[in-house]
Amino acid sequence: ADAPLYQGFTVVDDRVLAMRELILTAGHADSGLPTLLQPGMDDSALRYGQSRVGTQSLTGGGFDQLSLFSNGPLSFEG
């Protein structure tokens, strides 16, 4: 799967170059982050290029239809 192309940058953190993945979960998608995590704080559970969306959030948002596109893995849980 594609990772962003950083032309003109001589040093790019390997974490930024990680494969992108969109994960659709049945029900509620737990972030997996500590409840005390504050903006600006770093946590090893935060991963570049990963997104987790729960079907409960989508239906609660009033979506009648949804199209998903991923230029990398599109995974389903549950």
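We did not get these values from a lab; they are worked out from the coordinates using the rules stated. Values in this document were obtained by computation on a predicted structure and should not be read as measured data. Glycine also receives a Cβ, built like all others from the backbone with ideal geometry; neighbour counts cover every protein chain displayed.
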One residue from SER67, SER75 being surrounded by 10 or more Cβ atoms within 10 Å (Cβ to Cβ) and not β-branched (Val, Ile, Thr):
SER75
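For region 68-78, give me each residue that is part of a loop (DSSP other than H, G, I, E, B) and under 14 Å from the mean Cα position of the chain (by Cα).
Once the filter is applied, which keeps residues that are part of a loop (DSSP other than H, G, I, E, B) and under 14 Å from the mean Cα position of the chain (by Cα), region 68-78 yields LEU68, PHE69, SER70, ASN71, GLY72, PRO73.
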Taking region 12-52, which residues are part of a loop (DSSP other than H, G, I, E, B), in contact (Cβ under 8 Å) with a residue 24 or more places away in the chain and of a type in the set (Ser, Thr, Tyr)?
TYR48
Please work out if PHE9 is assigned to a strand (DSSP E or B), at negative phi, surrounded by fewer than 12 Cβ atoms within 10 Å (Cβ to Cβ) and not charged (D, E, K, R).
no
Count of residues meeting criterion [surrounded by 13 or more Cβ atoms within 10 Å (Cβ to Cβ), over 16 Å from the mean Cα position of the chain (by Cα) and polar (S, T, N, Q)] in region 12-58:
1
Could you list, in sequence order, all residues of region 53-67 that are over 19 Å from GLU21 (Cα atoms) and assigned to a loop (DSSP other than H, G, I, E, B)?
GLY61, GLY62, PHE63, ASP64, GLN65
